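Quick note: the coordinates plus some simple rules give every number you see, no bench work behind them. All values derive from a computational prediction rather than experimental measurement. Every residue, glycine as well, gets a Cβ built from its backbone with ideal geometry; the counts of neighbours run over all protein chains shown.
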Amino acid sequence: MPEPSVVAVFADLREEGRELDSLVGELAEPVWARPTPAEGWGIAHQIAHLHWTDRAALLALTDAEAFAREAEAALKAPDSFVDEGAEEGARLAPAELLARWRDGREALDRALAAASPDARFPWYGPPMKAASMASARLMETWAHGQDVADALGVRRAPTARLRHVARIGVRARDYAYAVRGLAVPDGEFRVELTAPDGAGVWAYGPEGAGQRVTGPALDFCLLVTQRAHRADLALTAEGPDADRWLDIAQAFAGPAGPGREPRGER
C-alpha cells in the first residue's frame, strides 16, 4: 500500500483530534470521571494523557534539549511516568484540561507543518521524521478515543484514517516479538485488510508470503492497539507464525501491554 503524503498525515491527525473533541467537548463535568476500559483511568485521564504526549512531541520538534530532560526523567520511572502524567492532568478542572488539550493540538499542528520533512526528531524510541510522528500521534489519539467512546457507549464509524494505524501495526511486527524476548520470524508476512468502506483492500508484504493475516482494517487496528481481544475480532491467520503474531501484536512503543479480556462480541 503506498504511503500517504505528509500533508495528508497532518490533515488526518487534525481530523482525528476534532472527532474526539466532538465526543468530550460538551460533556458535563461529572462525566469526565467516568471509568474507561483502561484500568484506573477515567475519561479525564485519557485526554490528559493525550495532552501530555502532544506536549512531549511539541518539545521534540522545537526544543531537543528540553525534550531530552523530559525523556531522562521518564526513563527513571519507566513503569509509572505515563500514569503520573495522566493523573496530574486529570486533577485539572475539565474545562481547563479541555482548553489545554486544544491549545496543545494547535501548537503541535503548527510545529509539524513547520518541520523539515527530512529531519529526524528525538523520541522515546528511535528518532522520527515529522510525518511518522504525526502518524504515531494519530494512532494514539484514535486508540484513546476508542476508550472514551467505549466509556460513553458510542460506536464510532471507522474511517480511512485507520490506514495510518494499520501501517504502524504492520511495521511494528518485529518489535512485538522483541519486547517479549521472542525470536523474530524470518521473512515478511502478507497482511490484507478490508478498508472501512468495504470498497478495497489495504495490502502489505509480498503476495506469495506463506504467513498471512486477513480481515477488517478496523479489527486489525483494535488488535494492534490492544483495544479488543483477538477472540472478539474477525481476523484470520494462515501459518503458525502469523497466528502467534495475532496473540502479541502491538503498535505502540513500550512494555507489552496486558490487553483486554474477551467480551464475546464477535
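Data table
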{"quantity": "Cα-based shape type of segment 131-266, given that a ≥ b ≥ c are square roots of the gyration tensor eigenvalues and the cut on a/c is 1.5", "calculated": "rounded"}
{"quantity": "Segment 78-111: trypsin sites (Lys or Arg not before Pro) in DSSP loop, at most 14 other beta carbons within 10 Å", "calculated": "Arg91"}
{"quantity": "Within segment 152-216, GluC sites (Glu not before Pro) in DSSP loop having at most 16 other beta-carbon neighbours inside 10 Å", "calculated": "Glu188, Glu207"}
{"quantity": "Segment 10-49: GluC sites (Glu not before Pro) in DSSP loop, at most 14 other beta carbons within 10 Å", "calculated": "Glu26, Glu39"}
{"quantity": "Whole-Å distance, taken between Cα centres, linking segment 162-189 and segment 217-242", "calculated": "13"}
{"quantity": "Helix 81-90 axis, angle to the chain major axis (alpha carbon atoms, nearest 10°)", "calculated": "50"}
{"quantity": "Added length on full extension, which subtracts the Cα-Cα distance from 0.36 nm per residue, Ala95 to Asp174", "calculated": "24.4 nm"}
{"quantity": "At q = 0.14, 0.17, 0.20, 0.24 Å⁻¹, base-10 log of I(q)/I(0) for segment 191-241 (Debye sum, equal scatterers on each alpha carbon)", "calculated": "-0.35, -0.51, -0.69, -0.94"}
{"quantity": "Förster radius 25 Å - calculated FRET efficiency between Ala253 and Glu88 (Cβ-Cβ, nearest 0.05)", "calculated": "0.75"}
{"quantity": "Using alpha-carbon coordinates, inclination of helix 130-152 to the longest axis of the chain, degrees", "calculated": "80"}
{"quantity": "Alpha-carbon spread of segment 63-149, three principal axes, descending order, Å", "calculated": "38, 29, 22"}
{"quantity": "Kirkwood Rh (inverse of mean 1/r, distinct Cα pairs), the chain, angstrom", "calculated": "19.1"}
{"quantity": "Surrounding net charge for Thr159, when Lys and Arg each add one and Asp and Glu each subtract one, Cβ distance under 10 Å", "calculated": "-2"}
{"quantity": "3J(HN,Hα) from dihedral phi, segment 181-194, Karplus parametrisation 6.51/-1.76/1.60, rounded to Hz, x for glycine, proline", "calculated": "x, 9, 5, 7, x, 6, x, 7, 9, 9, 10, 10, 10, 6"}
{"quantity": "Cα gyration tensor category, rounded, prolate or oblate, for segment 208-266 with a/c compared to 1.5", "calculated": "oblate"}
{"quantity": "P(r), alpha carbons of segment 6-152 - 10 Å bins starting at zero, rounded %", "calculated": "12, 42, 35, 11, 0"}
{"quantity": "Gyration tensor verdict on segment 103-173 (Cα atoms; rounded if a/c is under 1.5, prolate if a/b is larger than b/c, oblate otherwise)", "calculated": "prolate"}
